[in-house]
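Step one of this worksheet: look at the structure below.
The values are calculated or read from the model by the stated rules, or taken from the named source; none is laboratory data. Just so it is clear, the structure is predicted and the values come from calculations on it, not from any experiment. Counting neighbours? That spans all protein chains shown, and the Cβs are built from the backbone with ideal geometry, glycine included. Accessible surface areas use protein heavy atoms only, side chains included; no ligands, DNA or RNA. Shrake-Rupley method; radii C 1.70, N 1.55, O 1.52, S 1.80 Å.
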Amino acid sequence: MRSSIPPTSSGADKGFFGHPRALGPLFFTEMWERFSFYGVRPMLVLFMAAPLLSGGLGFDAKTAAAIVGIYGGAVYLAALPGGWLADNWLGQRRAVWYGSILIALGHLSIASSALLGPVTFFVGLILIVMGTGLFKTCISVMVGSLYDEDDARRDGGFAIFYMGINLGSLVAPLLTGWLMETRGWHWGFATGGTGMLVALILFRLWAVPAMRRADAARERPSSWDAPAVKRRHVGKYVLAAVALVAVMVTLVAAGIVHINPRAVAEAMTSVLILCSLLFFVYLLFFSGLDGEERKRVAVCLVLVVAGACFWAAFEQQPTSYNLFAAQYTDRSAFGWEIPTLWFQSLNPVFIVLLGPLLGWLWPALGRRHLEPGSPIKFVLGLLLAAIGFGIMVLAAREVISSNGLVSPLWIVGSMLLLTLGELCLSPVGLSTMSGLSPQRTQGQLMGLWFTGAALGNLVAGLIGGHVNPEELQQMPELFSRSAIALVVFAVILLLLVPVFKRMLRHNRIIDPRAPTEGGAEATVRSGV
C-alpha cells in the first residue's frame with residue numbers, strides 16, 4: 001500500500017487556485033443557490049409562528065417547527081428521486097437547469113404570498129423541494145467529474161466547493177434578517193429568490209461553457225452534458241407525480257383534507273428510515289453492480305448512517321436555536337437590537353474562519369502519520385456536537401434561574417462546537433461519497449448521503465417546537481436528550497472503527513496513511 005498521494009499531472013488544468021477553471025463557476029453557482037436557501041429557511045419558523053397582526057401565519061410553535069422540519073427533510077429526501085431522474089433520464093446538466101428554474105419559481109411564489117395568500121406560500125415550499133432535489137446531487141457530481149479518479153486535488157476541490165456553500169449561507173441571513181425586521185417578511189423572502197436567479201444565470205452562461213471547454217481540453221466526452229438513456233414511460237411517471245402533488249395541494253387549500261404537521265413529520269421519519277434501508281438493499285443486490293461496486297456501496301451505507309446521527313442534532317439551528325435566540329436571548333448591543341436571523345450566520349462565519357485552519361492541520365498531521373482516519377473524524381464530530389448541546393443545557397438552566405434573558409455567548413459557544421463537529425464530518429462525507437460511488441449510481445448515492453440531512457431536519461422540527469414559554473421547565477431536559485443521543489452514537493461508532501478500517505484496507509479504497517489535501521480525508525481511489 002502506498003503512503004503518499006499520486007502526483008497531479010503537470011499538464012492538468014490549474015486555472016482556479018490550482019484547480020480546474022470550471023470549478024470557479026460551479027463554486028459561484030452553488031454559493032448563490034445556498035444564498036437563496038439559507039436566506040429563507042431561518043425565516044420560516046418565525047414567520048409561521050408570528051401573529052396574524054404582525055404579518056405572520058399565526059401558527060403555534062410546535063406546528064411551525066414541524067412544518068420547517070418537513071420542509072427541510074423533504075428538500076434532502078427529494079435528492080433520491082432527483083438523482084434517479086438525472087441518472088436515468090435528464091442527465092446532470094438538464095437536471096441542474098430545470099431544478100434551478102423550479103427553485104426560482106418557488107421563491108417567487110413565497111414572496112407573492114403577501115398578495116395572494118398563504119396557499120402560495122406552501123406552493124412555493126413544494127416547488128423549492130422539487131427543484132433542490134434535482135439541483136443538489138447533480139452539482140456535486142459535476143464537481144467530481146472535473147477530476148480523474150487518482151487526482152490528488154479532488155479532496156481540496158471539494159473543500160473549496162464547500163466554502164462556496166458557506167459563503168452563501170453566511171451572507172444570506174445577515175441581509176434577509178435585516179430586511180425582515182426593517183422592511184417586512186416578504187422583502188426577506190424576495191431577496192432570497194433574487195439569489196436563485198443569479199445562480200440560474202451563472203450556471204447557464206458561465207458554468208456550462210466552462211465545463212465543456214474543460215472536457216474538450218482533456219479530450220474526453222462530456223458525460224454530464226448528455227441526456228441519460230431515456231427510459232420508456234419515465235416522463236409519464238413524472239407528470240403523474242406532479243399531478244398528484246397538485247391535487248393534494250388543491251384539496252388542502254380547499255379545506256377538504258386536513259393535515260397534522262407533527263403526525264406527518266413523525267410518519268416521514270419512520271418511512272424515511274425504512275425506505276433508505278430498502279433502497280440500499282436494492283442497490284446492493286438488484287441494480288446489476290459487480291462485487292467491487294457492492295463493497296463501495298456498503299462503505300457508503302456506514303457513512304450515511306454516521307452522518308444521519310450528526311444531522312439530527314445539527315439541524316436544530318433553524319428551529320430550537322432560532323426560537324431560543326428570539327425568545328430567551330438578550331440581543332441588545334449599544335442601544336441596538338441584533339436581528340434574530342443574524343445568529344444563523346454564526347455557523348458559516350466559523351467555517352470560513354476555521355476551515356483553513358483544519359485544512360492546514362489534517363495534512364500536517366498526515367505527514368507525521370498522526371492524522372485520524374475518517375471514522376475517528378466522525379466520532380469527533382459527534383462528540384463536539386454533544387458538548388455544544390451541553391452548553392445549551394446550561395443556558396436553559398440560566399433562563400429558568402434568572403427568569404429573564406441570557407447572554408448571546410451561550411449560543412455563540414454552542415454553535416462554535418457544532419461547527420467544529422461539522423468540519424470534522426461533512427467535507428469528508430461529500431468527497432468520499434463522490435469518489436466511492438459507482439459511475440452509474442453516482443446521483444442516487446449522493447442523494448442517499450443527503451438523506452441523512454433529511455432525517456436530521458425532521459427530528460429537529462419535532463424537537464424545536466418545544467422551545468416555548470409553556471414548556472420552559474422542560475427545556476434543559478430537551479437539550480440534554482440531544483447531547484446524550486450524540487454521545488451514545490459516538491460510542492457505537494467508536495466500537496465499529498476497527499471493523500470499518502479493516503473494510504477499507506481489504507478493499508484498498510483508501511490509503512489510511514496517506515497525507516491529505518484541503519482538509520478532507522485521505523484520497524479516495526477506485527480500483528487501486
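Descriptive notes on the structure:
- Among residues of the stretch 136-157 being in contact with a Ser or Thr (Cβ under 6 Å, 6 or more places away or on another chain) and assigned to a helix (DSSP H, G or I), the one that is surrounded by the most Cβ atoms within 10 Å (Cβ to Cβ) is D155.
- Selection from the stretch 75-120 of residues that are aromatic (F, W, Y) and either at positive phi or surrounded by 22 or more Cβ atoms within 10 Å (Cβ to Cβ) (or both): Y76
- Test: L46 is open to solvent by 40 Å² or more (accessible area, probe 1.4 Å), at pLDDT 80 or above and among the aliphatic types (A, V, I, L, M): no
- Residue count for the stretch 435-457 under the criterion of being under 18 Å from V75 (Cα atoms) and more than 13 Å from the chain's Cα centre (by Cα): the result is 3.
- When residues of the stretch 242-259 are limited to those that are under 25 Å from L85 (Cβ atoms) and either part of a loop (DSSP other than H, G, I, E, B) or of a type outside the set (S, T, Y) (or both), the one most open to solvent (accessible area, probe 1.4 Å): L244
- For the condition surrounded by fewer than 24 Cβ atoms within 10 Å (Cβ to Cβ) and either hydrophobic (A, V, I, L, M, F, W, C) or outside any helix (DSSP H, G or I) (or both), L53 qualifies.
- Scanning the stretch 319-344 for residues that are open to solvent by less than 30 Å² (accessible area, probe 1.4 Å), touching a Gly at 6+ places or on another chain (Cβ under 8 Å) and assigned to a helix (DSSP H, G or I) turns up T319, S320, N322, L323, T340, L341, Q344.
- Tally of residues being surrounded by 12 or more Cβ atoms within 10 Å (Cβ to Cβ) and within 20 Å of V45 (Cα to Cα) across the stretch 260-284: 7
- Once the stretch 20-37 is narrowed to residues that are open to solvent by 10 Å² or more (accessible area, probe 1.4 Å) and part of a helix (DSSP H, G or I), the residue that is farthest from L202 (Cα to Cα) is F35.
Listed here are the residues, each with its yes/no results for (1) over 27 Å from F161 (Cα atoms); (2) touching a residue at least 24 places away in the same chain (Cβ under 8 Å); (3) in the same structural domain as G164 (by the TED database); (4) outside any helix (DSSP H, G or I).
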site	(1), (2), (3), (4)
F350	no, yes, no, no
G355	no, yes, no, no
E371	no, yes, no, yes
I376	no, yes, no, no
G381	no, yes, no, no
V393	yes, yes, no, no
R397	yes, yes, no, no
S414	no, yes, no, no
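- Any hit, the stretch 89-99, residues being within 27 Å of S437 (Cα to Cα), in contact (Cβ under 8 Å) with a residue 24 or more places away in the chain, touching a strand residue (DSSP E or B) at 6+ places or on another chain (Cβ under 9 Å) and in a loop (DSSP other than H, G, I, E, B): no
- Within the stretch 181-194, the residues that satisfy the criterion of being touching a residue at least 40 places away in the same chain (Cβ under 8 Å) and more than 21 Å from M31 (Cβ to Cβ) are E181, G184, W185, H186.
- So V459, is it assigned by the TED database to the domain that holds A267, open to solvent by 30 Å² or more (accessible area, probe 1.4 Å), modelled with pLDDT under 85 and assigned to a helix (DSSP H, G or I): yes
- Note on the stretch 462-492: residues that are within 16 Å of P261 (Cβ to Cβ) and either open to solvent by 40 Å² or more (accessible area, probe 1.4 Å) or touching a Lys or Arg at 6+ places or on another chain (Cβ under 6 Å) (or both) amount to 2.
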